[in-house]
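> Below is a structure I'd like to ask you about.
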Amino acid sequence: MDTIIEPFRIKSVEPIQLTSRAERERLIQDAHYNLFNLHADDVIIDLLTDSGTSAMSAAQWAGLMQGNESYAGSPSYFRFEEAVKDLMPFEHVIPTHQGRAAERILMGLVAGPEAKIPSNTHFDTTRANIEATGAEALDLVIEAGRDPDRKHPFKGNMDLDRLAALLEEHADRVPLVMLTVTNNTGGGQPVSIANIRGAKALCDEHDVPLFLDACRFAENAYFIKEREDGYGSQSVESIVREMFSHVDGMTMSAKKDALVNIGGWLALNDDAWAREARNQLILTEGFPTYGGLAGRDLEAIAVGLQEIVDEDYLEYRMASTRYLGEALTEMGVPIVQPVGGHAVYVDAKRLLPHIDPLDYPGQALAVALYTTGGIRGVEIGSVMFGRQPDGSEEPADQELLRLAIPRRVYTQSHVDYVIECFENVYERRDELCGYEITEEPPQLRHFTAQFRPKEPEVVHRETET
Ligand code: F0G
């Protein structure tokens, strides 16, 4: 059969509150044109993030009832630890409330003012946790990974020549090397086994450990199965085990590929680092057998880890992201190619060439999609990255709108609706205007900045819903 179906039935539903276009125009104005300020009830299809937005399975909900809330030595912790070690056989598994807590603890241990920490591309919380220690965060993704149009099968790969040069010159200042799988900031692009192996060989030459930021490890493994020579007949589970067998540790946000709404962990082999990490954990997260989570959350992760490597699930997951990406491409909407695992990244700079990068084309597109159809995406461009430490503004490298797909939440008709809204926006793309910022905080401004359209708004045709 050619039709790839959602490999689940829906047993519990969450109503979507429909709004009219006129209502949405008022709501977005009241939110100062910042989609983070909207009430989620006023969003019809929420593609802001794939993080913590998964639908849990009946088995996960049942698992919650097994949660044991003992402060120390909870059996839920041991079930969680066993499920993690089954796929990621590290000596020490340290639960945290989410990914950035694992990053903060790890970077607090190993980084510091002299340190340099390379990755293919650090996610923003990882970069922030590195920089908060005074260290330097370096992005060494391959050249193709910076070009939205290049169709490389593993655009998330690390540039091993640049890594070799860095280690040659500064190995004593590199406490560890990271690889983000998949590479979220670069468009949800995968890293190959060959690249993980190559990075590990370089790290071994200089006695530097290699860690994975493994949030979307199962999606990465599925791409390896589909695209890397020699892996087509291997199970995703065995590919996952191989990915982790080449590295010394990992940070994880369980809010992605553990199919839960909260949680994370740090796992590693080094006994001394693990001891210190657990001491730090106790300061801010909790005792090492719960680490900022409830016992029931650990149970849900343990079940989620078994479900995420199911190949029928992964086939559907990749097909649904690809379905949206291909429809947009066919329409003429420029997107980062090839389509990533968890999201479609629209190139707003090329879609709206009449809007100057510092008039925020990604934001203009985000607002237009919301008013047209109640769809919420997130700008990844000059709003997010344009403000410099001295308060000046520089355009970001790219002006993107990310449409992230929550796991097991939306059906194909929801995606068809998104495509139809895009058709409407695409037809009147020349009418969209830029935005200016009227208020902003000094850091991480995209969360709270307020905007104003640069031109009086065009009155749009009333559309359905
Ligand atoms: N690493 C990557 C690659 C991520 O995508 C995220 C979160 C984190 C680390 C941090 O994990 O949120 O559990 O603290 N990404 C979310 C997103 C927020 O929308 O892409 P966290």
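> Only counting other Cβ atoms within 10 Å, I'd like 354, 414, 122, 206 sorted with the fewest neighbours first.
Values: 354 12, 414 18, 122 24, 206 15.
Ranking 354, 414, 122, 206 by Cβ neighbours within 10 Å, fewest first, gives 354, 206, 414, 122.
> What pairs from 225/349; 85/225; 155/200; 85/256; 200/256 go past 23 Å between their alpha carbons?
The pairs that break the limit, which is 23 Å between Cα atoms, are 225/349; 200/256.
> Also, I was wondering about something else. Divide by every residue of the chain the summed helix terms, -39500 (n - 2.57) for each DSSP H run of at least 4, and state the resulting mean residue ellipticity at 222 nm, rounded to the nearest 500 deg cm²/dmol.
Mean residue ellipticity, 222 nm, calculated: -12000 deg cm²/dmol.
> Then there is this: What percentage of all Cα-Cα pairs in the chain are separated by more than 35 Å?
31
> Would you calculate the separation in nanometres between label points at residue 275 and residue 160, each defined as 7 Å from the Cα along the Cα-to-beta-carbon direction?
In this crude spin-label approximation the distance works out to 3.6 nm.
> Looking at the chain only, what percent of DSSP beta bridges run antiparallel? Nearest 5 please.
The antiparallel proportion sits near 65 percent.
> Under a crude label model (7 Å from the Cα following the beta-carbon direction), how far is residue 315 from residue 428 in nanometres?
Calculated label separation equals 4.2 nm.
> Need one word for region 58-307: rounded, prolate or oblate. Basis is the Cα gyration tensor (sqrt eigenvalues a ≥ b ≥ c); a/c below 1.5 gives rounded, then a/b vs b/c decides. Kindly include the intermediate steps, with their values, before the conclusion.
Details: a/c = 1.95, a/b = 1.29, b/c = 1.52.
It is oblate, given that a/c is not under 1.5 and a/b is not larger than b/c.
> Could you give the length gained by full extension between residue 66 and residue 37, i.e. 0.36 nm per residue of separation minus their alpha carbon distance, to one decimal place?
6.8 nm
> Compute the separation of the alpha-carbon centres of region 120-188 and region 410-442 and state it in Å as a whole number.
30
> Within the chain, what's the longest run with no GluC sites (Glu not before Pro) in a DSSP loop and at most 14 other beta-carbon atoms within 10 Å? Give the range, please.
Between the exposed loop sites, the longest stretch runs 115-456.
> Okay, next question. Given 0.36 nm per residue, what is the gain on full extension from residue 194 to residue 30 after removing their alpha carbon distance, in nm?
Fully extending the segment from residue 194 to residue 30 adds 54.0 nm.
> Further question: What does the charge count around residue 256 come to, taking other residues whose C-beta lies under 9 Å from its C-beta (Lys +1, Arg +1, Asp -1, Glu -1)? Each step should come with its number before you reach the end.
On the way: positive: 216, 255, 407; negative: 50, 219, 257.
Neighbourhood net charge equals 0.
> Counting other C-beta atoms within 10 Å, which of 3, 125 has the fewest, and how do the rest follow?
Starting with the residue having the fewest Cβ neighbours, the order is 3, 125.
> Still on this model: If you line up the long axis of helix 217-227 against the longest principal axis of the chain, both from Cα atoms, how many degrees apart are they, to the nearest 10?
Roughly 80 degrees between the two axes.
> Where the centre of each part is set by its Cα atoms, how far does region 1-34 sit from region 348-367, in angstrom?
Cα centres, region 1-34 to region 348-367: 23 Å.
> Order of 355-363, 264-272, 33-41, 179-187 by packing, highest average Cβ count within 10 Å first?
179-187, 355-363, 264-272, 33-41
No value in this document is a laboratory result; all are computed from the given coordinates. What you see is a predicted model; the values in this text were computed from it and never measured. All Cβ positions, even for glycine, are placed from backbone atoms using ideal geometry, and neighbour counts span all protein chains on display.
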